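Here's the structure we're looking at; comments come further down.
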Amino acid sequence: MASSDAQNGDEDRTSVTPQPGSRDASGSAPPGTGGPGPWRPTADRTGVRPRGEAGAAGGRGGVPGVGGAGAAVRGGGDGRGAVRPRGHAVAEGDRSGAPGGGPGRAGERARYWQPVGLPGVDLLHAHYVRKSFSRHTHESFVFAAITEGVEAFHYGSDLVQAGPGQIALVNPDTPHTGHAGVPEGWTYRTIYPDAELIRAIADDTIALRGGVGFTTPVVDDPYAAQLVVGVHRAAEEGNALAADSLLRLVTARMLRSHGGRITPLAPRAAGARDAARARALLEERMAEPPTLERLAAELGTSPFALLRAFRAAYGMPPHTWLTDARVRRARRLLDAGTPPAEAAVTVGFTDQSHLNRHFTRSIGVPPGAYQRARKAR
């Protein structure tokens, strides 16, 4: 289950206005949308044809521009014989480099990487069973296509679920969690596109400028899920042109059907200004933060009033927000080449193991594996 910080009562402090005239583009499932069967690294239940498998004329049942001879990942569900694409971060305990495997913690697999030729885009391919993501945020958008099982996650004050053929959508800076919705866990392929990239696509396709976002956390659109998987397939094969094209296609499709303008809500609580000042102070003193009592005293309010105002403004209490902010800053330090142990101390974690625990609960892979993927590009 999610951590104790993931309470149903937390609020998301953004309001999304649907794009005028938008409609649900999911329609019926496209030809080839997969049925039941065991998960394999080379075939996702969203219906995307494995690489190297010949398709009918016109690519029926597959994703345009993906396929052809060769395979970036080969082998059965145990991952033996798999070829790891360049720049992949493989989670600790994953010797195969391919998601899949048996039940329980030992069967959990995760690869996180930044594909060559796609600046501002990260990818995650993972199978989780017992893993629980604590309440956290991303600076990027999140498109997570579920290919097996069910993921459950808190989004604002709601607990929602996504299964095969569906996409979990998370807007930047939106608190959310993540855990298995069924005993066998879930497998997904996730895209983390930079917010500026999504805004540019929105401006180019639907003439929507400014604060762009999605109006629903779960989209039931099997074809869009195929496109997300297609981005992964193309990236794994080193086909940046196809990956970029498919990313723009799926983004435009979802913006047209579920896109809208994000408008921050006006503060409703009397302590909203105190919450903003508290956040700024925590950001400034991240390595040595004050206690809640001292922080409240500096702001001229009571600890309980500050706690209540902060949660209302940012969807999580100050200590949870601070952990999330530390992970974000540590990630930027890792991107710049700072060793994980040094990054941990710089942002205020007691040691590298402390960073490892929180980084993995937010990003999905340990910081060392994450950084190795960056260096391997």
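What follows is calculated from the coordinates using simple rules that are stated; it is not laboratory data. Small disclaimer: the values here were computed from a predicted structure and weren't measured. Backbone-built Cβ (ideal geometry, glycine too); neighbour counts: all protein chains shown.
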Within the set of other residues whose C-beta is less than 15 Å from the C-beta of Leu299, count the net charge using Lys and Arg as +1 and Asp and Glu as -1. +1
Net charge contributed by nearby residues that have their C-beta within less than 13 Å of Met286 (K/R +1, D/E -1): +2
Ranked by Cβ crowding within 10 angstrom, fewest neighbours first, how are Ile206, Ile363, Ile167 ordered? Ile206, Ile363, Ile167
Ordered by fewest other Cβ atoms within 10 Å, a rough proxy for footprinting exposure, Glu151, Glu108 read Glu108, Glu151
Once a ≥ b ≥ c are taken as the square roots of the eigenvalues of the Cα gyration tensor of region 170-267, is the result rounded (a/c under 1.5), prolate (a/b larger than b/c) or oblate (a/b not larger than b/c)? oblate
Rounded to whole Å and sorted largest first, list the principal axis extents of the Cα atoms in region 272-375. 46, 22, 20
